[in-house]
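Asker: Supplied in structure tokens, the structure appears directly below.
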Amino acid sequence: FPGGKLFQKTVSNMQRELENRNVTKVSGSGGSDESKQEQQQQDRAAAATDKKRKKRERREKKNKEKAEAADLEKQMKLRQQQINLEQRIREKGRVTANDWMHNMGNIFASTILRDV
């Protein structure tokens, strides 16, 4: 459904925060507030670098897919050009309609037929 990905992100963020709170409560009985804040900052920094890494990977994947699509399209164009060229080249022994028209007009002036 629309907004499903955002919902999943918010749920995972809330779970992460709850886990961090549970860990700080358990380990925080003898610790100081500064160490808790440092840990939270480290967690935030790790999450930020993870987001950046994932974003970069998505961008690279998207660029790779675009390059592959462009390459495939280029190959298809080249193949179509080859097919068109093959169709334009006449096969040996094949007589086209234009050849028949030419022969019908010039058959009376043929020196070979005159001798026969």
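Asker: Given the pairs Lys5/Lys62; Lys5/Lys74; Lys54/Lys74, which span a C-alpha to C-alpha distance of over 25 angstrom in this model?
Answerer: Lys5/Lys74; Lys54/Lys74
Asker: How far apart, in nm, are two points set 7 Å out from the Cα along the Cα-to-Cβ line at Gln39 and at Lys74?
Answerer: Taking the simple label geometry, Gln39 and Lys74 are separated by 5.4 nm.
Asker: Which value, in Å² rounded to 10, gives the accessible area of Asp99 with a 1.4 Å probe and all protein chains present?
Answerer: We get 40 Å² for Asp99.
The values are calculated or read from the model by the stated rules, or taken from the named source; none is laboratory data. Only a predicted model underlies this, so the values are computations on that prediction, with no experimental measurement involved. Here Cβ is always computed from backbone atoms with ideal geometry, including for glycine, and neighbour counts include all displayed protein chains. Heads up: the accessible areas ignore ligands, DNA and RNA and are worked out on the full protein's heavy atoms, side chains in. Shrake-Rupley method; radii C 1.70, N 1.55, O 1.52, S 1.80 Å.
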